[in-house]
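Colleague: Handing you this structure, nothing more for now.
The values are calculated or read from the model by the stated rules, or taken from the named source; none is laboratory data. Being a predicted model, the structure only gives us computed values, none of them experimental. Cβ placement follows ideal geometry from the backbone for every residue including glycine, while neighbour counts extend to all protein chains displayed.
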Amino acid sequence: MGHLMRNVSLGLNVVLLAALGLAGAWDWELGRRQARVAHDLSESTHDIDAYKSYVNATGYANSLVGARFPVVELTSVDGRPVSTDFSTCGGGLVLLFKPQACQPCLITQLKCLRHLDQAQRELKRLRVIAISALSREDTRSFTKVFDLGYPLVAGGPEAVFGAGLAEKTPIVFLVDPANRIIASHWPSPGRPEISVLFFHELTGPISQHLGIALEPGRAGLGLAGQSMADVVRNKYDSAGADDVLY
């Protein structure tokens with residue numbers, strides 16, 4: 001029995017180390033990519049405003065990566081039970097927003113979440129949720145206007161909005177099955193294309209690190225052939241992304 005327990009313990013440790021290794025590799029790649037974008041932008045003096053805006057937005061969002069997303073049982077505006085315990089699924093993609101949130105920014109986030117939610121296959125799924133600090137009726141209107149299939153929660157539950165994650169909204173979190181925030185996005189007002197590219201690049205980690213199957217040809221939100229630095233500079237081809245940009 002002791003030998004069996006040692007083998008089980010060793011197996012669990014191997015799985016844990018592998019998971020930590022994947023998370024660490026993702027964190028390293030994310031940091032490397034963002035550092036490269038910042039360097040490319042800072043090289044050109046005429047891009048200084050774009051550089052400052054990009055650093056401000058990504059710096060705030062990145063400060064929340066690694067935090068634990070609260071586990072709470074909620075109810076959507078249409079009466080569905082909603083859980084933020086992501087250990088029971090492949091992970092979570094969560095949008096938080098307050099009444100004073102930038103409305104054009106919010107609309108882009110809502111539509112990007114809808115796109116990724118619809119692109120998922122039926123097996124292991126990413127749980128997509130939007131949680132607002134608005135009234136039930138005001139929150140329900142977003143479901144009607146944008147034909148959202150994922151649940152929206154109203155009322156700004158204290159367990160979520162009191163956890164230090166919603167100082168600036170709208171903000172999006174990608175959460176792993178251990179409820180650790182592994183990516184975060186706070187949009188730049190007037191720059192929906194940056195949000196679109198963030199969600200487009202997120203499809204790789206969702207598939208590779210969380211094991212979520214996305215429909216080929218449906219998952220991408222690409223701004224064709226452009227780097228993040230080009231998009232931040234406002235030089236991009238919006239082909240294929242019009243549905244979420246406009």
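Colleague: Can you tell me which of THR143, THR84 is farther than 25 Å from ASN56 by Cβ, in contact (Cβ under 8 Å) with a residue 40 or more places away in the chain, buried (at least 20 other Cβ atoms within 10 Å of the Cβ) and not aromatic (Phe, Trp, Tyr)?
Modeller: Checking each option against the conditions leaves just THR84.
Colleague: With respect to TYR51, determine if the residue is modelled with pLDDT under 70 and assigned to a helix (DSSP H, G or I). First the steps, then the outcome.
Modeller: Working: modelled with pLDDT under 70: yes; assigned to a helix (DSSP H, G or I): yes.
Criteria met by TYR51.
Colleague: Also, quick follow-up: Which condition breaks for LEU202 when tested against (1) out of contact with any His (no Cβ under 9 Å at 6 or more places or on another chain); (2) at negative phi; (3) at pLDDT below 90?
Modeller: The single condition LEU202 does not satisfy is (1).
Colleague: Quick check: anything in the stretch 146-163 among the hydroxyl-bearing types (Ser, Thr, Tyr) and either within 26 Å of LEU214 (Cα to Cα) or touching a residue at least 40 places away in the same chain (Cβ under 8 Å) (or both)? First the steps, then the outcome.
Modeller: Going residue by residue through the stretch 146-163, those that are among the hydroxyl-bearing types (Ser, Thr, Tyr) are 150.
Checking which are either within 26 Å of LEU214 (Cα to Cα) or touching a residue at least 40 places away in the same chain (Cβ under 8 Å) (or both) leaves us with 150.
The answer is yes; a qualifying residue exists.
Colleague: From (1) more than 19 Å from GLY66 (Cβ to Cβ); (2) of a type in the set (Val, Ile, Thr); (3) crowded, with 19+ Cβ neighbours inside 10 Å, pick out the condition that doesn't hold for VAL160.
Modeller: Evaluating VAL160 over (1) more than 19 Å from GLY66 (Cβ to Cβ); (2) of a type in the set (Val, Ile, Thr); (3) crowded, with 19+ Cβ neighbours inside 10 Å leaves (1) as the failure.
Colleague: Evaluate the following for PHE199: is it surrounded by fewer than 18 Cβ atoms within 10 Å (Cβ to Cβ), of a type in the set (A, V, I, L, M, F, W, C) and in contact (Cβ under 8 Å) with a residue 24 or more places away in the chain? Break it down stepwise before answering.
Modeller: Working: surrounded by fewer than 18 Cβ atoms within 10 Å (Cβ to Cβ): no; of a type in the set (A, V, I, L, M, F, W, C): yes; in contact (Cβ under 8 Å) with a residue 24 or more places away in the chain: yes.
No.
Colleague: Tell me which helices (runs of 4 or more DSSP H) are completely within the stretch 172-246 and hold 3 or more residues being of a type outside the set (Val, Ile, Thr) and closer than 24 Å to LEU123 by Cα, or say none if there are none. So that I can check it myself, show each step before the final result.
Modeller: Working: elements: 192-210, 228-232, 242-245.
Passing ranges, in order: 192-210.
Colleague: If I filter the stretch 132-151 for residues that are touching a strand residue (DSSP E or B) at 6+ places or on another chain (Cβ under 9 Å), within 13 Å of LEU93 (Cα to Cα) and among the hydrophobic types (A, V, I, L, M, F, W, C), do I get at least one hit?
Modeller: No, because not a single residue in the stretch 132-151 is touching a strand residue (DSSP E or B) at 6+ places or on another chain (Cβ under 9 Å), within 13 Å of LEU93 (Cα to Cα) and among the hydrophobic types (A, V, I, L, M, F, W, C).
Colleague: Based on this model, can you work out whether GLY149 counts as in a loop (DSSP other than H, G, I, E, B), at positive phi and more than 13 Å from the chain's Cα centre (by Cα)?
Modeller: So GLY149 does not fit the description; no.
Colleague: Quick check on my filter: what residues within the stretch 209-219 are modelled with pLDDT under 85 and surrounded by fewer than 17 Cβ atoms within 10 Å (Cβ to Cβ)?
Modeller: To start, the set of residues in the stretch 209-219 that are modelled with pLDDT under 85 comprises 209, 216-219.
If the condition is that a residue be modelled with pLDDT under 85 and surrounded by fewer than 17 Cβ atoms within 10 Å (Cβ to Cβ), then PRO216, GLY217, ARG218 are the ones that fit.
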